[in-house]
Amino acid sequence: MPADNPSIKNWIIFSLLLAGTLVTTFLAGGLLFSFSLILILGTHEFGHYWASRKNNVRATLPFFIPAPPIFIAGTFGAFIQIKELIPDRRVLMEIGSAGPIAGFVVAVPTLVVGLFLSEVTPGETAEGLTFGSSILLALLSKMILGVTPYSEGVNILLHPVAFAGWIGLFVTALNLLPIGQLDGGHVIYSLFKFRHKELSRLFFVLMLPLGYFWQGWWFWAFMIALMGFRPAPLLDDSVLPDRRHRVMGYISIVIFLLTFIPVPFSMT
């Protein structure tokens with residue numbers, strides 16, 4: 001049976017939260033930042049949504065979460081709510097990986113455009129908040145700007161579009177942590193059902209020492225502990241992923257490795 005269309009109430013909540021998040025992200029970083037970030041987050045969540053619709057799984061439209069503009073991005077992200085059990089591991093893979101892959105496809109060109117608009121200035125590292133680098137950001141920075149974020153004697157002044165791309169990829173990596181019912185947890189359970197519990201607990205433990213360098217990891221560990229480590233409940237978890245779904249899973253793992261930032265923020 002096809003999934004139901006969103007209710008009028010869902011459309012109203014979606015529209016109000018989207019409008020509120022557009023305002024708070026605009027106040028946090030300006031028009032280009034707001035548009036770029038909402039585009040990335042929206043693409044990620046609509047990836048989940050359309051994968052759910054494709055597989056006749058009822059889900060809400062994305063709920064954007066506005067945050068006070070003083071918060072670094074003006075938003076706490078977005079999410080969809082799946083309203084029924086997922087049929088099997090193949091569908092779980094499609095829903096879990098569709099968001100990160102779709103968001104990644106938009107975030108990378110956003111970051112590339114933003115880096116072309118960014119500036120490299122000479123001098124020692126400025127005092128204040130410093131943003132960490134992923135493998136992908138280091139590679140793109142070297143290709144486009146000729147320096148990496150950790151090059152001595154220079155500062156990279158990120159354009160708002162580049163900053164939106166940075167946040168988008170950072171959020172992608174957070175969602176792909178192979179823990180519980182995060183996107184990465186869905187991917188790991190679909191691929192390696194009997195390793196899900198072990199990997200969830202391993203990555204949870206690894207977050208604790210990382211919290212020494214960025215306390216946000218302790219916050220995430222606390223939230224994950226509240227949500228639990230169980231995988232998403234399925235109607236039939238005996239269905240094995242086929243080749244297409246395994247490829248989606250391995251692509252998601254590669255995206256995680258390219259975008260993960262061990263120390264996202266630090267004070268200098």
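The values are calculated or read from the model by the stated rules, or taken from the named source; none is laboratory data. Since this is a predicted model, take the numbers as computed values, not measurements. Glycine also receives a Cβ, built like all others from the backbone with ideal geometry; neighbour counts cover every protein chain displayed.
Does any residue of the range 219-234 turn out to be surrounded by 22 or more Cβ atoms within 10 Å (Cβ to Cβ), touching a helix residue (DSSP H, G or I) at 6+ places or on another chain (Cβ under 8 Å) and in contact (Cβ under 8 Å) with a residue 24 or more places away in the chain? No; the residues of the range 219-234 include none that is surrounded by 22 or more Cβ atoms within 10 Å (Cβ to Cβ), touching a helix residue (DSSP H, G or I) at 6+ places or on another chain (Cβ under 8 Å) and in contact (Cβ under 8 Å) with a residue 24 or more places away in the chain. Considering only residues of the range 235-253 that are among the charged types (D, E, K, R) and surrounded by 13 or more Cβ atoms within 10 Å (Cβ to Cβ), which is modelled with the lowest pLDDT? If we take residues in the range 235-253 being among the charged types (D, E, K, R) and surrounded by 13 or more Cβ atoms within 10 Å (Cβ to Cβ), then ASP237 is modelled with the lowest pLDDT. When each of GLY180, GLY165, GLY185 is tested for being crowded, with 22+ Cβ neighbours inside 10 Å, over 25 Å from VAL91 (Cα atoms) and small (Gly, Ala, Ser), the lone residue that passes is GLY165. Look at the range 66-83: where a residue is of a type in the set (Ser, Thr, Tyr) and a partner is part of a strand (DSSP E or B) and crowded, with 19+ Cβ neighbours inside 10 Å, sitting 6+ places away or on another chain with Cβ atoms under 8 Å, you get THR75/PHE64; THR75/PRO66.
Does PRO178 fit the bill of being at pLDDT 90 or above, under 25 Å from ARG243 (Cβ atoms) and outside any helix (DSSP H, G or I)? Yes; evaluated as a whole, the condition is true for this residue. You will find that of LEU235, LEU226, the residue that is out of contact with any strand residue (DSSP E or B) (no Cβ under 8 Å at 6 or more places or on another chain) and either over 18 Å from ASN55 (Cα atoms) or not basic (Lys, Arg) (or both) is LEU226 and no other.
Which of the residues spanning the range 130-154 are of a type outside the set (S, T, N, Q), in contact with a Ser or Thr (Cβ under 7 Å, 6 or more places away or on another chain), surrounded by fewer than 17 Cβ atoms within 10 Å (Cβ to Cβ) and assigned to a loop (DSSP other than H, G, I, E, B)? If the condition is that a residue be of a type outside the set (S, T, N, Q), in contact with a Ser or Thr (Cβ under 7 Å, 6 or more places away or on another chain), surrounded by fewer than 17 Cβ atoms within 10 Å (Cβ to Cβ) and assigned to a loop (DSSP other than H, G, I, E, B), then VAL147, TYR150 are the ones that fit.
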